[in-house]
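Some notes on the structure that comes next.
The values are calculated or read from the model by the stated rules, or taken from the named source; none is laboratory data. Here the structure is a predicted model, which means the values were calculated and not measured. When we count neighbours, we look across all protein chains shown, and the Cβ atoms used for this are built from the backbone with ideal geometry, even at glycine. For the accessible areas, the whole protein counts, side chains as well, though only heavy atoms, and no ligand, DNA or RNA atoms are used. Shrake-Rupley method; radii C 1.70, N 1.55, O 1.52, S 1.80 Å.
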Amino acid sequence: MPQKRIAVLASGRGSNFQAIIDAIARNEIPATCCGLITDNPDAYAIERADKGGISVYIVNYAEYSSKEAYEKALSSVMKELSADLFILAGYMRILGGGIVKDFHGRLMNIHPALLPGFPGLHAQRQAIGYGVKISGCTVHFVDEGMDSGPVIVQACVRVEEEDDEETLSARILEMEHRCLPEAIRLFCEDRLMIDGKRVRILPGSVVSPEL
Ligand code: GRF
């Protein structure tokens, strides 16, 4: 199967980006990572890219006079990279409608809650505040709404009595590091089909016995 080209957008720490780099290195994802795009020149994700030999594209939000100008620059970097898939892994901005439309079906996001519950910022804090007993993470395709696109993979964790935002976030993050590479692998194996609000996961290719 020909390798897919994937690119990652991240704004900060980049632990999910690292999980992707590691999964590719273990040959678990049939893809090459062709770039890290960041809006933040101080993002730790940049160091991870440098270590992994991955090109970095900084589109520094602070240098643009408007959101439109920033998005225009971002969009041209994305088009130039011509990746099959762009993964929002801790990318802390909402993408404008133009980009979402241009890259429909090729934008994936990870969110630290079981969507459609607790979209938006501070999802783990929202979950603790609500008093839910189970939370988790969701990988989904991006649509025009906030954390509202078709769900690809979800996993749950227990919310313990003594949890605070930090301990719950750490437990969810472990799951994120498993779910995101899994969703990317399925995409790269051409096994995801968007069907309205649903994502159908097609069976893996069966190796013929005579091979
Ligand atoms: C993760 O919790 C992700 O779900 C959310 O932002 C956080 C990014 O963490 N969107 P990292 O930068 O991948 O370590």
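If you go through segment 58-78 and pick out every residue that is closer than 17 Å to GLY35 by Cβ and in contact (Cβ under 8 Å) with a residue 12 or more places away in the chain, you end up with 8.
Quick one: how many residues across segment 23-48 are within 19 Å of ASP84 (Cα to Cα), within 13 Å of the ligand (Cβ to nearest atom) and outside any strand (DSSP E or B)? It would help to see each step written out before you state the result.
Taking segment 23-48 and keeping what is within 19 Å of ASP84 (Cα to Cα), we get 23-25, 27-38.
From what's left, within 13 Å of the ligand (Cβ to nearest atom): 36, 38.
Keeping just the survivors that are outside any strand (DSSP E or B) gives none.
Residues that pass the stated criteria total 0.
At pLDDT 95 or above, farther than 25 Å from LEU85 by Cβ and polar (S, T, N, Q): is that true of SER148 in this structure? Walk me through it before giving the result.
On the way: at pLDDT 95 or above: yes; farther than 25 Å from LEU85 by Cβ: no; polar (S, T, N, Q): yes.
No.
So, ARG93, is that one in a loop (DSSP other than H, G, I, E, B), open to solvent by 30 Å² or more (accessible area, probe 1.4 Å) and touching an Asp or Glu at 6+ places or on another chain (Cβ under 7 Å) or not? The answer is yes for ARG93.
Evaluate segment 49-67: report whether one residue or more is crowded, with 19+ Cβ neighbours inside 10 Å and either polar (S, T, N, Q) or not in a helix (DSSP H, G or I) (or both). Yes, some residue in segment 49-67 is crowded, with 19+ Cβ neighbours inside 10 Å and either polar (S, T, N, Q) or not in a helix (DSSP H, G or I) (or both). Within segment 96-114, the set of residues being farther than 19 Å from VAL153 by Cα and open to solvent by 20 Å² or more (accessible area, probe 1.4 Å) comprises GLY97, GLY98, LYS101, ASP102.
The residues of segment 1-22 that are more than 9 Å from the ligand (Cβ to nearest atom), open to solvent by 10 Å² or more (accessible area, probe 1.4 Å) and modelled with pLDDT of 95 or more, listed by number, are LYS4, ARG5, ILE21, ASP22. Which residue pairs have Cβ atoms closer than 6 Å, lie 6 or more positions apart in sequence or on different chains, and pair a first residue in segment 164-182 that is touching a residue at least 40 places away in the same chain (Cβ under 8 Å) and away from the ligand (no atom under 11 Å from the Cβ) with a second residue that is assigned to a helix (DSSP H, G or I) and open to solvent by 60 Å² or more (accessible area, probe 1.4 Å)? Final answer for the pair search is GLU165/ARG125.
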